[in-house]
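Take a look at the structure below.
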Amino acid sequence: MEFQVAVISGDGIGPEIVREARKVLDQVGRVFGHTFHYEELLMGGASIDVHGIPLTDETVAKAKAADAVLMGSIGGDTTTSPWYQLPPDRRPEAGLLKIRKELKLFANVRPAYLYAELKNACPLREEIIGEGFDMVIMRELTGGLYFGARSTGEENGMLVARDSLVYSEEEIRRIAIRAFDIARKRRNKVTSVDKANVLDSSRLWRKVVEEVAADYPDVKLEHMLVDNCAMQLVKDPGQFDVILTENMFGDILSDEASMVTGSIGMLSSASLNETRFGLYEPSHGSAPDIAGQDLANPIATILSAAMMLRYSFDLDKEADSVEAAVKQVLADGYRTGDIYSEGCIKVGTVQMGDEIARRICR
Ligand code: NAD
């Protein structure tokens, strides 16, 4: 099969890590008989340098026309880069917010997986880690508190600030459907996280999630209050498969879940809309401190490319082969500097990409 991939390499380590992800995708193409066509697009600082703005309408149109977007990372050193002397709406990050909005990416999927070989990077105790953990956080990305009406004004001689947390039935239903679909590709369990003991929006959330669950009798649904979920993530992370939650709860819980894995260079993510289209990028930033030195860990980006194969192209076997190759490389002792421990083989960005590509097999 043939696929059109829009590629936003971005800034800092972006071009280095995306190059390795493309290397792995091309190897998947050779082994499984697919062709990936790439179109390089500018966003963030790289776009500011050429066009004066972080994202042009032409770039948005090209991204929309592709089957999926593979991204590195955007942004520079926020204290020294001239990009941060610009007004906020012309800075690199404004491009990211705009593209998410333009592409209607309402569902953010972030896996948190603990590799047996990287157990010592996990801040949790051995007996809590147990057999390890493998979950995804499914966060609603375009509604809730961050997008509701807000105001600050004086009332009765005192400043008062208001933020509103609004969710419609439709916004909840579409992300719940996504979560149940993803659970079906995994271990068939959804934990829906809310604050239904207090919030009306959470009570509606729970009702709609239950309606959706009725169409997925093979997927187990449980509800959990957000405060309990924050505790359970560090007490018994192995219990989770798919965590489904609204925007702000997801913002906090996804960072907590990634921290318990202990290795930022390993964490992939996907932002999806109602179609099969998605934008795939590592969870980390552009790491300007190590850019251009062959030091960056490309695995988060390579695993993001695997998510693209699975969720946008429905190529599960191919995605499995990438994830298996990453596991094998770790088992064989290869490590970039960020995940290195004594006795392992230290490699740079390029060699890590080579080692993973070499292990892609049917
Ligand atoms: P960062 O994630 O870029 O870096 C934090 C630390 O982790 C640094 O020490 C860095 O060297 C290290 N690190 C990150 N990724 C790594 C990798 N793949 N391999 C090895 N080490 C890695 O976060 P930051 O320093 O706060 O931000 C730098 C820039 O990235 C800023 O401009 C920020 O706005 C931007 N940013 C972009 C995105 C995005 O594009 N989605 C997300 C977060 C931050």
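Can you pull out every residue in region 146-173 that is in a loop (DSSP other than H, G, I, E, B) and either open to solvent by less than 80 Å² (accessible area, probe 1.4 Å) or not assigned by TED's automatic domain parsing to the domain that holds Phe249 (or both)?
Gly148, Ala149, Gly157, Ser164, Leu165, Tyr167, Ser168
Would you point out which residue out of Gly292, Gly262, Gly285 is open to solvent by 10 Å² or more (accessible area, probe 1.4 Å), under 22 Å from Phe240 (Cβ atoms) and either touching a residue at least 40 places away in the same chain (Cβ under 8 Å) or in contact with a Pro (Cβ under 6 Å, 6 or more places away or on another chain) (or both)? Lay out the reasoning, then the answer.
Working: Gly292 fails: under 22 Å from Phe240 (Cβ atoms); Gly285 fails: under 22 Å from Phe240 (Cβ atoms).
From the options Gly292, Gly262, Gly285, the qualifying one is Gly262.
List, please: which pairs have Cβ atoms under 6 Å, are six or more places apart or on different chains, and start with a residue in region 71-85 that is outside the structural domain of Ser271 (by TED's automatic domain parsing) and end with one that is near the ligand (Cβ under 8 Å from one of its atoms) and open to solvent by 40 Å² or more (accessible area, probe 1.4 Å)?
Cβ pairs passing all conditions: none.
Would you mention how many residues in region 2-19 are within 13 Å of the ligand (Cβ to nearest atom) and not in a helix (DSSP H, G or I)?
Within region 2-19, residues that are within 13 Å of the ligand (Cβ to nearest atom) and not in a helix (DSSP H, G or I) number 6.
Being open to solvent by 60 Å² or more (accessible area, probe 1.4 Å) and among the small types (Gly, Ala, Ser) is true for just one of Ala214, Ala176. Which residue is that?
Matching residue, one of Ala214, Ala176: Ala214.
Please name all residue pairs, on different chains or six or more residues apart, with Cβ atoms under 9 Å, provided the first residue is in region 314-331 and is without any contact (Cβ under 8 Å) to a residue 24 or more places away in the chain and the second residue is open to solvent by 50 Å² or more (accessible area, probe 1.4 Å).
From residues that are without any contact (Cβ under 8 Å) to a residue 24 or more places away in the chain, the pairs are Glu323/Tyr113.
Which count do you get for residues in region 64-80 that are within 15 Å of the ligand (Cβ to nearest atom) and surrounded by fewer than 18 Cβ atoms within 10 Å (Cβ to Cβ)?
Counting residues in region 64-80 that are within 15 Å of the ligand (Cβ to nearest atom) and surrounded by fewer than 18 Cβ atoms within 10 Å (Cβ to Cβ) gives 4.
Mind listing whichever residues of region 183-205 are crowded, with 16+ Cβ neighbours inside 10 Å and in a helix (DSSP H, G or I)?
Ala183, Ser201, Ser202, Leu204, Trp205
For a quick check of your reading of the model, give me the residue pairs whose first member lies in region 154-176 and is without any contact (Cβ under 8 Å) to a residue 12 or more places away in the chain, whose second is surrounded by fewer than 12 Cβ atoms within 10 Å (Cβ to Cβ), with beta-carbon atoms closer than 6 Å and at least 6 apart or on different chains.
Close Cβ pairs satisfying both conditions: Ala161/Thr152.
Looking only at region 102-109, decide whether some residue is among the β-branched types (Val, Ile, Thr) and open to solvent by 10 Å² or more (accessible area, probe 1.4 Å).
no
Quick one: which of Gly44, Gly29 is at positive phi and crowded, with 16+ Cβ neighbours inside 10 Å?
Details: Gly29 fails: at positive phi.
Of Gly44, Gly29, the one residue that is at positive phi and crowded, with 16+ Cβ neighbours inside 10 Å is Gly44.
Look through region 228-256, keep the residues that are free of Cβ contacts under 8 Å to residues at least 12 places away in the same chain and open to solvent by 50 Å² or more (accessible area, probe 1.4 Å), and return whichever of them is nearest to Leu124 (Cα to Cα).
Met231
Find the strands (runs of 3 or more DSSP E) located wholly in region 44-145 whose residues include 1 or more that are modelled with pLDDT of 95 or more and of a type in the set (Asp, Glu), and list them.
Working: elements: 68-73, 107-113, 134-140.
Result: 134-140.
Please tell me if Ala61 is of a type in the set (Gly, Ala, Ser), free of Cβ contacts under 8 Å to residues at least 24 places away in the same chain and either more than 15 Å from the ligand (Cβ to nearest atom) or open to solvent by 20 Å² or more (accessible area, probe 1.4 Å) (or both).
yes
Scan region 330-362 for residues that are under 20 Å from Ile13 (Cβ atoms) and in contact with a strand residue (DSSP E or B) (Cβ under 9 Å, 6 or more places away or on another chain) and jot them down.
Passing the criteria: Tyr334, Arg335, Thr336, Gly337, Tyr340, Lys346, Val347, Gln351, Met352, Glu355, Ile356.
Among (1) in a helix (DSSP H, G or I); (2) crowded, with 23+ Cβ neighbours inside 10 Å, which single condition is Glu355 missing?
With (1) in a helix (DSSP H, G or I); (2) crowded, with 23+ Cβ neighbours inside 10 Å applied to Glu355, the lone miss is (2).
The values are calculated or read from the model by the stated rules, or taken from the named source; none is laboratory data. Only a predicted model underlies this, so the values are computations on that prediction, with no experimental measurement involved. As a convention, Cβ positions derive from the backbone with ideal geometry for all residues, glycine included, and neighbour counts pool all protein chains shown. Note: areas computed on protein heavy atoms with side chains; ligands, DNA, RNA excluded. Shrake-Rupley method; radii C 1.70, N 1.55, O 1.52, S 1.80 Å.
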